[in-house]
Amino acid sequence: MGIEQLCIFILITTAIVVARADELAVGNKHIVVTGAGPCAEGTRYIVGDDKGWQQGVDYNAWVQGKDFRVGDILVFDLTFNHCILVVDEDGINRCCGASRIVDVRELGRHEIVFTAPGKFGFMSHVGDDCMKGMKFLAIVKEK
């Protein structure tokens, strides 16, 4: 199976998983992937602020000082050839998507709601995105 076929398979599989189960687990912790979050009551964080989700943004600096809480929402705007992987802490440390729970590749706005405390890694593994800094670890606390 070629890389193109593998990517298509992952995209189709992810779409089915997200459509059938909007609550996903990283280890024993949970997040919710949603299209629009009017019911969510937490703070809304635009990932990368006005720069969005792309290479050249210091996401470690962006995440510093953020007080993520259960109910908060991360908003990703995908406008380029990148993806969003939700992984565990080891996945972030190694830039490895093997522990991925969510793999979003569709352009547009994607919102992720934290429904439990814990450590959640976010990265792009397209090309050398992760190695060039498109990754961060969100530490989520109780409300």
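When a/c is below 1.5 the answer is rounded, else prolate if a/b is larger than b/c, else oblate, so apply that to the range 65-139 with a ≥ b ≥ c taken from the square roots of the Cα gyration tensor eigenvalues. If you can, show how the numbers build up before the last one.
On the way: a/c = 1.81, a/b = 1.22, b/c = 1.48.
The shape class here is oblate.
Report, in whole Å, the centroid distance computed from the Cα atoms of the range 40-64 and the range 83-112.
15 Å
Starting from the residue with the highest accessible area, list 135, 51, 141 in decreasing order, probe 1.4 Å. Walk me through the intermediate numbers first.
Numbers: 135 45, 51 120, 141 95 Å².
Putting 135, 51, 141 in descending order of accessible area: 51, 141, 135.
Which one of 84, 57, 47 has its Cα pushed farthest toward the positive end of the charge dipole of the range 45-102, where Lys and Arg give +1 and Asp and Glu give -1 at the Cβ?
Looking along the dipole axis, the top candidate is 84.
Dipole magnitude of the range 44-99 about its Cα centre, charges +1 at Lys/Arg Cβ and -1 at Asp/Glu Cβ only, in debye to the nearest 20? Mind dumping the intermediate values first?
On the way: 5 positive and 9 negative charges, 12 e Å.
So the magnitude is around 60 debye.
Give me the number: length gained by fully extending residue 96 to residue 44, i.e. 0.36 nm times residue separation minus the C-alpha to C-alpha distance, one decimal in nm. All intermediate terms of the calculation are to be shown ahead of the outcome.
Values: separation 52, 0.36 × 52 = 18.72 nm, distance 2.70 nm.
Fully extending the segment from residue 96 to residue 44 adds 16.0 nm.
Expected output is a single nm value to one decimal: the length gained when fully extending between residue 119 and residue 69, i.e. 0.36 nm times separation in residues minus the C-alpha distance. What is it? Can you show the working numbers first?
Values: separation 50, 0.36 × 50 = 18.00 nm, distance 1.12 nm.
In short, 16.9 nm is gained.
Could you calculate the FRET efficiency of residue 79 with residue 132 from 1/(1 + (r/R0)^6), where r is the beta carbon distance between them and R0 is 25 Å, rounded to 0.05? Present the calculation step by step, with values, prior to reporting the outcome.
On the way: r = 17 Å, r/R0 = 0.69.
The value I calculate is 0.90.
Report the charge-dipole magnitude of the range 46-143 in Debye, nearest 20, computed about the Cα centre from +1 at each Lys and Arg Cβ and -1 at each Asp and Glu Cβ. Intermediate values should be presented prior to the final figure.
Details: 12 positive and 15 negative charges, 27 e Å.
Dipole size: approximately 120 debye.
The values are calculated or read from the model by the stated rules, or taken from the named source; none is laboratory data. Worth saying up front: this structure is predicted, and the values here are computed from it rather than measured. Using ideal geometry, Cβ is built from the backbone for each residue, glycine included, and neighbour counts are taken over all protein chains shown. For the accessible areas, the whole protein counts, side chains as well, though only heavy atoms, and no ligand, DNA or RNA atoms are used. Shrake-Rupley method; radii C 1.70, N 1.55, O 1.52, S 1.80 Å.
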